[in-house]
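Here's the structure, in structure tokens; my notes come after.
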Amino acid sequence: MVARGGHLRYYRCRFIEGLESVQTLGQLDMLRTAVAQLTQDGSRLALVPTMGALHEGHIALVREAARHADHVAVSIFVNPTQFGPNEDLNAYPRQMAADSAMLEAEGVALLWAPSVQVMYPQGFASSIAVEGVSAGFCGAARPGHFDGVATVVCKLFHQVLPHVALFGEKDWQQLAVIRAMARDLDLTRPHMTDIVGMPTVRESDGLAMSSRNRYLSAEQRMAAVALPNGMQNAIAQIEAGTSPARALGNLREALKAAGFDRVDYAALADADTLEPLDELETRPARLLVAARIGGTRLIDNMPVNNPAK
Ligand code: PAF
């Protein structure tokens, strides 16, 4: 069902005869034909955009997607424009055969895995910058990252034309950027796509599932649990009245003591605008953290409630 080779890319649609494998040239046309055929009877199509290296968190997204639509499409594209020059683009795990088998077992209708040339043909010169919500946190630590995410997600929406798209809340800032981009560029329903955020799927010890967890050595993996544990402690402190500055200082110290090398940020922020908060207010708040252990950067976020509300 899945073709490989020099220019061949993976594309499979179980419902459509003759569209089992596609060459790079014309791939987008064939995707559009497949999408048109899947939706011509009024069926709803859900899209789960991914960079592959699928884990249980992605599968939870696929299953949730099936509750929102008649057919589920998954995209796998390791997007070079969202990686900085010193980041892990080349090392990013790629396992198309295993991913494809997992998606097939989930009954996914369509796997869209364009090549870099299809996504960014010669002369490609456009970029989407979502100001404000992109600026802090991962945007500050990874300049240009969210421009790359917004641009590729906008392209994926236009390519697949889904009725609904699902993203994990683990990348909370990414979800906020995508929502803002879709709102600003009129990509959301009734014009186009509903965006659904899915709560973070965690390992049994609380570590958020991530394709990057596989970079961790056994020792680092054990230490990594200090991230969700430390966040829960900080949230309990803030909710009990400790100042966020103090609770976040305690969290930084706990992470360093556990073996983390660097904390990129640990902050309380408005859950929607991501504006940093010095204290709990009535609006929904989120604790956002990115920290590095060895060469691996882990991110996580959790809600913080205002008990006075
Ligand atoms: O979250 C991801 O896997 C990626 O950032 C996304 C949304 C697929 C865009 O490349």
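Here are the numbers:
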| read-out | value |
| --- | --- |
| Residue check for D205: assigned to a loop (DSSP other than H, G, I, E, B), of a type in the set (D, E) and on the phi < 0 side of the Ramachandran plot | yes |
| Residue in segment 41-61 that is in a loop (DSSP other than H, G, I, E, B), more than 13 Å from the chain's Cα centre (by Cα), more than 15 Å from the ligand (Cβ to nearest atom) and among the hydroxyl-bearing types (S, T, Y) present | yes |
| Scope segment 127-153; condition more than 16 Å from the ligand (Cβ to nearest atom) and assigned to a loop (DSSP other than H, G, I, E, B); matching residues | E131, G132, A135, G136 |
| In segment 154-191, residue nearest to A34 (Cα to Cα) [restricted to those that are of a type in the set (S, T, N, Q) and within 14 Å of the ligand (Cβ to nearest atom)] | Q159 |
| Search result, residues across segment 210-228 that are in contact with a Gly (Cβ under 8 Å, 6 or more places away or on another chain) and away from the ligand (no atom under 12 Å from the Cβ) | Y215, L216, S217, E219, Q220, A223, V225, A226, P228 |
| Residues being assigned to a loop (DSSP other than H, G, I, E, B), of a type outside the set (D, E, K, R) and out of contact with any Pro (no Cβ under 8 Å at 6 or more places or on another chain) - total across segment 65-94 | 9 |
| Cβ-Cβ under 6 Å pairs, at least 6 apart or on other chains, segment 84-102 side in contact (Cβ under 8 Å) with a residue 12 or more places away in the chain, far side surrounded by 14 or more Cβ atoms within 10 Å (Cβ to Cβ) and among the basic types (K, R) | G84/R142 |
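The numbers here are math on the coordinates, done by the rules we state, and not lab data. For clarity, every value in this text was computed on a predicted model and none was experimentally measured. No Cβ is skipped: glycine too gets one built from the backbone with ideal geometry, and neighbour counts run over all protein chains shown.
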